[in-house]
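The values are calculated or read from the model by the stated rules, or taken from the named source; none is laboratory data. These numbers were taken from a predicted model, which means no experiment stands behind them. So basically every Cβ, Gly included, is an ideal-geometry build from the backbone, and we count neighbours across all protein chains shown.
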Amino acid sequence: MDLSIVIVIVCAVLAVALIVIFIVYGRGEAAFTFDIGGSAPRASGGSDSSTEKTLSSRLVGLSVAVGAIFATLFARLWSMQLVSSDEYAERAESNRTSTVYTQAPRGRILDRNGVEIVTNRASLTVTAQADVVDDEVEVQLLANLIGMPAQAVRRKLQDTSAGYQSMRTVSVDVSRRVVAYIGEHPDVFPGVTVEERTLRAYPLGSLAAHVVGYTGTVTADQLESSKSGDATAIGYRSGDVVGQTGIELEYESVLQGVRGEQLVYVNAHGDVVGLSTTIEPQRGSDLVLTIDAAIQAQAEASLKRVVDDLTTEELRASGSAVVLDCTNGEVLAMASYPTFSPSVFVGGISSSDWDDLQAESANYPMLNRAIAGQYPPGSVIKPLTAFAALDNGIATPSSSWVCTGWWTWSGNQSDPGGMKCWQESGHGDINLADGITFSCDVVFYEIGKGFYYSKDNPEGMQETFREYGLGQKTGIDLPGEEVGRVPDAEWKWDYFKSLGYSDEDATWQGGENCNIAIGQGDMLVTSLQMAAAYCSIAARGPMWRPHLMKGVRARIGEGLVSEYRCETTRDIKEDDSYRALVESGMEGVTYRESASQASHWTNLDVTVLSKTGTAEQQSSEGNVGWFCSFAPAEDPKYVVCANVDGADWGATTAMYVVRDIYGQIYGQPDTSTAASESAD
């Protein structure tokens, strides 16, 4: 019966009762009393305390009280019927209905040629009704069958994250044996069924693991963020599977599908008694990356080979490689080693597996060293140092120096407080272009000294580094990018004073200029930053924002419904003669620095401009070996940059990785067996 009708009936009964009482008791004539002894009648007055008068007073009070009750009831009735009728109707409806949610398959992640890197696969999943938890025997039998502790099964059955009336997920990826046994014994497992659901799959194994990332159950922070009220935020429910790192996280809004909803009618006990409306789940959109799976595979294989050859019990080597299209910023490959398998996160990762991935002994395989590994750049910075010197008048195209292998600030060769060139025997007379080719440290010490004494722009070198994007994020569409560091006098003062150093120790010194001129000291960069800087050198000015998204594929056909808008982040102007000098020096690195090194490049049809580098690290005993390059020299298209942490020299480690990548790009593998002898 409707609540409002009940209220009306109650009010009517109370009203009738009040009227009857008032008629029977409320009209007594006790206002006067008579003295039968013959005296004159007199009014009883206010002092009369007879039972009749007392009852009359109480009836009046009762009338007031009942009137107040009537007023309250009618006010509440009016509020329920007119003011809050919609709210109460919704409450009543919610008490008799419930929503069961179904997760939607995520969109696939494809390489630029449509090759599946991440897709979905069917999974046989054991599900059960909620009331199965009340049957201890069935719970124990089910636990024994699928090989789980009974308490774990019980927790799964008590999970209401998908809705109170939804089937509870007990186990995923069960064997055909389990499926067959449950199907053959329905009387033993009432309320238990096997469903086919989808899970993430990786056809190419761990390929591009750091790029694509992994998925996992939505975290408390992600749940809270989804309730922020932002119209663009995805509304999550507990138990949803979402992107946690990499592209899976960056493009969550594209890959995440729309969950299905089934509205069901339930009785007072929560049992489903009927079905109402249904919204089918909608699969997420497919995302096409700029990655070329073949180039990515070659980069990873070569990096692994070089790093594994260096790794010992005492030295845990690692490395990264980046391939960019310098004409639009597309990332063709991004490799980091050691790596991990995203498949270990499917269905939830165990505590032991998670600990292994975070262990120092494993050398942090989940770290994407291409964007988050920060290293001193060593000599690969020297082309930028040369531009800084030329732009600020510290050097000219005709400048030359003498390298004896030993350099001092005073110029006195007997001064013990000097600095070595990597080639201790010296390079002799040398100009700026050859200083790049043979990586002569003395040339760049002199440039650092020149900036220190410059009255016009003593920090012109740092300004040039920042102009080429160092010390700041590139803006790639991938979470976790680090900024690196371009140190200057202000940074040193703030940093060292915060550590309690004296004013003298916190003051910028001339030797620090010499260090950053050769990519040492407190300089820190990422592989992606150096690749982006070399893109500007290759393109003669424009620097495109590196990006991994190519577009979102249409649901019908293979066209793209949305494409990434390529954009330049800067356009660096350099004098053409300065560019020619730097390019000449870089061509010399590839073909003149070392005959053994050149043998690995003369068997490639295109001309490659490059720079080697080897940097000492303050935080590690091993060196970082670098090799950065672009090709073809006449009309640059590709920039390939690699580094190896734990190397002896860049030319003997990272160079091989870069050459293998060009071999894949141009279909011309390295056929030279010569061991590279050049050192920096």
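If you take the residues in segment 230-258 that are of a type outside the set (A, V, I, L, M) and modelled with pLDDT under 75, which one is surrounded by the most Cβ atoms within 10 Å (Cβ to Cβ)? Give the steps one after another, and end with the answer.
Step one: list which residues in segment 230-258 are of a type outside the set (A, V, I, L, M), which gives 230, 232, 235-240, 243-246, 248, 250-253, 256-257.
Of the ones still in play, those that are also modelled with pLDDT under 75 are 230, 232, 238-239.
Working: Asp230: 9, Thr232: 5, Ser238: 12, Gly239: 16.
The selected residue is Gly239.
With Arg177, Arg168 as the choices, which residue is of a type in the set (Lys, Arg) and touching an Asp or Glu at 6+ places or on another chain (Cβ under 8 Å)? Don't jump to the end; show me each part of the working.
Values: Arg177 fails: touching an Asp or Glu at 6+ places or on another chain (Cβ under 8 Å).
After ruling out the rest, the residue left standing is Arg168.
Residues that are surrounded by fewer than 24 Cβ atoms within 10 Å (Cβ to Cβ) and over 19 Å from the mean Cα position of the chain (by Cα): find the helices (runs of 4 or more DSSP H) completely inside segment 288-383 holding 3 or more of those. Even if it seems obvious, please write down each step before you answer.
Numbers: elements: 293-310, 351-358, 369-372.
In segment 288-383, the matching helices (runs of 4 or more DSSP H) lie at 293-310, 351-358.
Cβ-Cβ under 6 Å, sequence separation 6+ or interchain: first residue in segment 401-418 and on the phi > 0 side of the Ramachandran plot, partner loosely packed, with under 10 Cβ neighbours inside 10 Å. Which pairs?
Gly405/Glu424; Gly405/Ser425
Just checking, does segment 180-195 include any residue being in the same structural domain as Tyr251 (by TED's automatic domain parsing) and within 23 Å of Ser350 (Cα to Cα)? Before the answer, list the steps.
Initially, segment 180-195 is screened for residues in the same structural domain as Tyr251 (by TED's automatic domain parsing), giving 180-195.
Now drop any that are not within 23 Å of Ser350 (Cα to Cα), which leaves none.
For segment 180-195, residues in the same structural domain as Tyr251 (by TED's automatic domain parsing) and within 23 Å of Ser350 (Cα to Cα): absent.
Looking at (1) in contact (Cβ under 8 Å) with a residue 40 or more places away in the chain; (2) under 30 Å from Val172 (Cβ atoms), can you tell me which one Trp354 breaks?
Here Trp354 meets the rest and fails (1).
Filter segment 632-651 down to residues that are part of a loop (DSSP other than H, G, I, E, B) and charged (D, E, K, R) and give me whichever is surrounded by the most Cβ atoms within 10 Å (Cβ to Cβ). Give the steps one after another, and end with the answer.
Keep residues of segment 632-651 that are part of a loop (DSSP other than H, G, I, E, B), which gives 632-637, 648-649.
Okay, now just the ones that are also charged (D, E, K, R), so 634-635, 637, 648.
Details: Glu634: 7, Asp635: 9, Lys637: 16, Asp648: 14.
For segment 632-651, the residue satisfying everything is Lys637.
Can you confirm whether segment 588-596 contains a residue that is under 39 Å from the mean Cα position of the chain (by Cα) and surrounded by fewer than 20 Cβ atoms within 10 Å (Cβ to Cβ)?
First pass over segment 588-596, keeping only residues under 39 Å from the mean Cα position of the chain (by Cα): 589-590.
Still in the running and surrounded by fewer than 20 Cβ atoms within 10 Å (Cβ to Cβ): none.
No, that holds for no residue.
What number of residues in segment 463-473 are surrounded by 23 or more Cβ atoms within 10 Å (Cβ to Cβ) and not hydroxyl-bearing (Ser, Thr, Tyr)?
Here the count works out to 3.
Considering only segment 438-462, state which residues are under 24 Å from Thr408 (Cβ atoms), touching a residue at least 60 places away in the same chain (Cβ under 8 Å), surrounded by fewer than 24 Cβ atoms within 10 Å (Cβ to Cβ) and touching a Phe, Trp or Tyr at 6+ places or on another chain (Cβ under 9 Å).
Passing the criteria: Lys449, Tyr452, Gly460.
Looking at (1) over 30 Å from Ala631 (Cα atoms); (2) of a type in the set (D, E, K, R); (3) surrounded by fewer than 20 Cβ atoms within 10 Å (Cβ to Cβ), find the lone condition where Asp488 falls short.
(3)
Condition first: at pLDDT 95 or above, out of contact with any Ser or Thr (no Cβ under 6 Å at 6 or more places or on another chain), within 15 Å of Tyr666 (Cβ to Cβ) and surrounded by fewer than 16 Cβ atoms within 10 Å (Cβ to Cβ). Can you find one or more residues in segment 619-630 that meet it?
No, that holds for no residue.
Among Val137, Val133, which is buried (at least 17 other Cβ atoms within 10 Å of the Cβ) and of a type outside the set (Asp, Glu)?
Values: Val137 fails: buried (at least 17 other Cβ atoms within 10 Å of the Cβ).
It is Val133.
Within segment 550-573, which residues are part of a strand (DSSP E or B) and either in contact with an Asp or Glu (Cβ under 8 Å, 6 or more places away or on another chain) or over 20 Å from Asn113 (Cβ atoms) (or both)?
Taking segment 550-573 and keeping what is part of a strand (DSSP E or B), we get 550-553, 560-563, 568-571.
Scanning segment 550-573 gives Lys550, Gly551, Val552, Arg553, Thr568, Thr569, Arg570, Asp571.
Working only within segment 573-586, note down all residues that are of a type outside the set (Ser, Thr, Tyr) and either at positive phi or touching a residue at least 60 places away in the same chain (Cβ under 8 Å) (or both).
Going residue by residue through segment 573-586, those that are of a type outside the set (Ser, Thr, Tyr) are 573-576, 579-583, 585-586.
Answer for segment 573-586, where residues must be of a type outside the set (Ser, Thr, Tyr) and either at positive phi or touching a residue at least 60 places away in the same chain (Cβ under 8 Å) (or both): Glu574, Asp575, Leu581, Val582, Gly585, Met586.
Among Ala162, Ala92, Ala143, which is the only one that is of a type in the set (Gly, Ala, Ser), at pLDDT below 85 and within 22 Å of Thr217 (Cβ to Cβ)? Lay out the reasoning, then the answer.
Details: Ala92 fails: within 22 Å of Thr217 (Cβ to Cβ); Ala143 fails: at pLDDT below 85.
Only one candidate passes the filter, namely Ala162.
From the residues in segment 524-549 that are part of a strand (DSSP E or B) and over 18 Å from the mean Cα position of the chain (by Cα), which one is farthest from Ala208 (Cα to Cα)? I'd like the intermediate steps shown before the answer.
If we filter segment 524-549 for residues that are part of a strand (DSSP E or B), which is where we start, we get 524-525, 542-544, 547, 549.
Narrowing further to those that are over 18 Å from the mean Cα position of the chain (by Cα): 524-525, 542-544.
Values: Leu524: 25, Val525: 22, Pro542: 27, Met543: 24, Trp544: 22 Å.
The residue in question is Pro542.
Within segment 259-280, which residues are loosely packed, with under 14 Cβ neighbours inside 10 Å, at pLDDT 65 or above and not acidic (Asp, Glu)? If you could, list the steps in order and put the result at the bottom.
Filtering segment 259-280 down to residues loosely packed, with under 14 Cβ neighbours inside 10 Å leaves 267-271, 273-278, 280.
Now drop any that are not at pLDDT 65 or above, which leaves 278, 280.
Selection gives Thr278 alone.
Go through segment 542-579 residue by residue and tally those that are of a type outside the set (Val, Ile, Thr) and touching a helix residue (DSSP H, G or I) at 6+ places or on another chain (Cβ under 9 Å).
If we filter segment 542-579 for residues that are of a type outside the set (Val, Ile, Thr), which is where we start, we get 542-551, 553-555, 557-560, 562-567, 570-571, 573-579.
Retained after the next criterion (residues that are touching a helix residue (DSSP H, G or I) at 6+ places or on another chain (Cβ under 9 Å)): 542-546, 548-549, 562, 570-571, 574-575, 577-579.
So the count comes out to 15.
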